[in-house]
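Everything on this sheet refers to the single structure shown next.
The values are calculated or read from the model by the stated rules, or taken from the named source; none is laboratory data. Predicted, not measured: the structure shown is a model, and the values here were computed from it. Quick reminder, even Gly has a Cβ in these numbers, built from the backbone with ideal geometry, and neighbours come from all protein chains shown. Just so you know, the surface numbers come from the protein's heavy atoms only, side chains and all, with ligands and any DNA or RNA stripped out. Shrake-Rupley method; radii C 1.70, N 1.55, O 1.52, S 1.80 Å.
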Amino acid sequence: MSSKNEYSGAALSSFIVALSKSQVTVDKLLADAGIDRIDPDAWYDYDWAVSFFFKIEELLGSATIAQVGRSMIEAATYPPEIDSAKALLSGLGHWFRLNARGPDVGDITCEFEDDYTAVIDNSARGPCSLNVGIIEGACARYGVTPLIEHGTTGCKDDGAPTCIYRVSW
Amino acid sequence: MKPFDQDGRAELIAAVTERLLRRSASVFQDVGEPRCRAHVEAAVAALERDLDSDSCEAARASVVSLLDELMAKGLNFSDLRFFSRKLREQVRAAVPEDLALAVEDWFYEHLSVSTMQFMVRRDDALVNEAAKRGVEHFESQLAELEEALEEKTQLLETIREASTPIAPVVSGILVVPLVGVFDGFRARLLTEKLLTEISRVQARVAILDISGVPLFDTDAAQLVISLARSVRLLGAEVFLVGMSANSARTIVALGIDLSNLTTLGTLQDGLAKALATQRLKIVPMSRPRRAEK
């Protein structure tokens, strides 16, 4: 296991691809960080990646970040056993661990209250709107429009350690 | 007929309350056991009253009370559905068979009312939020516009101040070269400044040079006439100089009477006449004497 917190270049690339309409802003932010392109095979500092996500949200708005989350999860490749919204929501933690590594990167867990209601606990750092977009994208991939409601235990955007979402469809 | 005996009722309320409190990240945990129990008791009491009266009026009241209190504290739709579902599970297990259908009808109505009332409140909250954001947006735009207006007003003021200089060329004589459009605002500004300056330096003549005014029309002429009247009240006189041939034709064509004003062709003419009124004139300086060899 890596001793540093890192974010995969592949995930960052898909994030940036999803922001192609705002290429100028993205290029400027990358240039400010001294990065001319994201290498999909490399790993990047997790704190930098998280601050990059927040900066993008600040500049382009939470709706854009949610859309990026949707695009990221919809565009990803999954094994054949992932064949439903329920299966994909269950696999969000696995998907996240493929894209982030280190002792303090957080996690995504999913529990089901019934066949059509999931409770997703997301302690991975980054904007809440990105998480909502990812959940929406996971469901949209299988033609489901979910009702996503934030739990009452606080939001990471306001400093809470985790965001809990109740997802119904 | 009572649907539950005393013990069964208490057990049912305790079981639903306990289940609500176990729901993680929910409003039920936030409000705590007494409030959860109160809402469960209210719903059970409503069920009993409605079964007794064969209506659903009490169900409506209990839903409204639940939403009024808990939506403000973060109740979401899944929580509401959970409340209804858990209550139904426990009630179904506790009521006698002959009341099962009536109980199902009541829960159907309870869920319908809950959903409708919840959506109404959420829509209302969204509309209010959108309106609030709209107001914030307009307020921020207004603040920016006010700031920009303030800056522009100050800039305009500076320009107007700079474009209305009053030069005390000789003791008792002021020269006022006007450049640019001479409008009401500028006339007021000039009148105020000129009267103050005339009083301050005890001037007898103010020479108004309008050669830099592109359009000298009826309005401008009336403003100058009015200015001259004010100046005269202080014992001074206004000489109007630098009128262009075009402006002169326009004034004649418009029938404007400037006979009460002293008008002269050029600034030099004006200055010469002003000096004459002061019993002064400009003369060449005497040549310096050549040193004797």
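For this structure, a couple of remarks:
- Under 16 Å from a label point set 7 Å out along the Cα-to-Cβ vector of B:Asp52, the amide N atoms of segment B:21-41 belong to B:41.
- Karplus 3J(HN,Hα) series, Hz, for segment B:103-116 with 6.51 cos²θ - 1.76 cosθ + 1.60 (x for Gly, Pro): 5, 4, 4, 5, 5, 4, 5, 4, 5, 4, 5, 4, 4, 4
- Sites A:Ala160 and B:Ile159 - FRET efficiency at Förster radius 56 Å, r taken between beta-carbons, to 0.05: 0.55
- Peptide B:23-32 is shielded by partner chain Cβ atoms: per residue, an average of 4 of them sit within 10 Å of its Cβ.
- Per-residue Karplus couplings for segment B:178-185, computed as 6.51 cos²θ - 1.76 cosθ + 1.60 with θ equal to phi - 60°, are listed in order as 9, 10, x, 5, 9, 10, x, 4 Hz, Gly and Pro entered as x.
- Using θ = phi - 60° and Karplus 6.51 cos²θ - 1.76 cosθ + 1.60, couplings along segment A:22-33 (whole Hz; Gly, Pro as x): 10, 4, 4, 4, 4, 4, 5, 5, 5, 4, 4, 8
- Checked against a 20 Å cut-off, the cross-linked pairs A:Lys28/A:Lys55; A:Lys55/B:Lys132; A:Lys156/B:Lys132; A:Lys86/B:Lys73 give Cα-Cα distances beyond that limit for A:Lys55/B:Lys132; A:Lys156/B:Lys132; A:Lys86/B:Lys73.
- Chain A - accessible surface per residue (Å², probe 1.4 Å): 47 Å²
- Placing unit charges on the Cβ atoms of the charged side chains and taking the dipole of segment B:167-277 about its Cα centre, the candidate lying farthest along the positive direction among B:Leu271, B:Leu233, B:Ala206 is B:Leu233.
- Note on segment A:9-40 and segment B:62-113: Cα centroid distance 49 Å, given to the nearest whole angstrom.
- Charged side chains reduced to their Cβ positions (Lys and Arg at +1, Asp and Glu at -1) give segment A:29-169 a dipole of some 140 debye around its Cα centre.
- Average accessible surface area per residue within chain B, 1.4 Å rolling probe, Å²: 60 Å²
- Bridgeable lysines around B:Lys273 (alpha carbons under 18 Å apart, same-chain partners fewer than 8 residues away excluded): B:Lys281.
- Alpha-carbon Rg/Rh ratio, for chain A, with Rh computed the Kirkwood way: 0.95
- Dividing the helix sum by the residues of chain B, where each DSSP H run of 4 or more adds -39500 (n - 2.57), gives a mean residue ellipticity at 222 nm of -22500 deg cm²/dmol.
- Between segment B:188-227 and segment A:110-127, the Cα center-to-center distance that results, in Å: 79 Å
- Just so you know, the Rg over Rh for segment B:6-130 is 0.97, from Cα atoms, with Rh as the Kirkwood radius.
- With every protein chain in place and a 1.4 angstrom probe, the accessible-area ranking of B:Arg23, A:Arg101, largest first, reads A:Arg101, B:Arg23.
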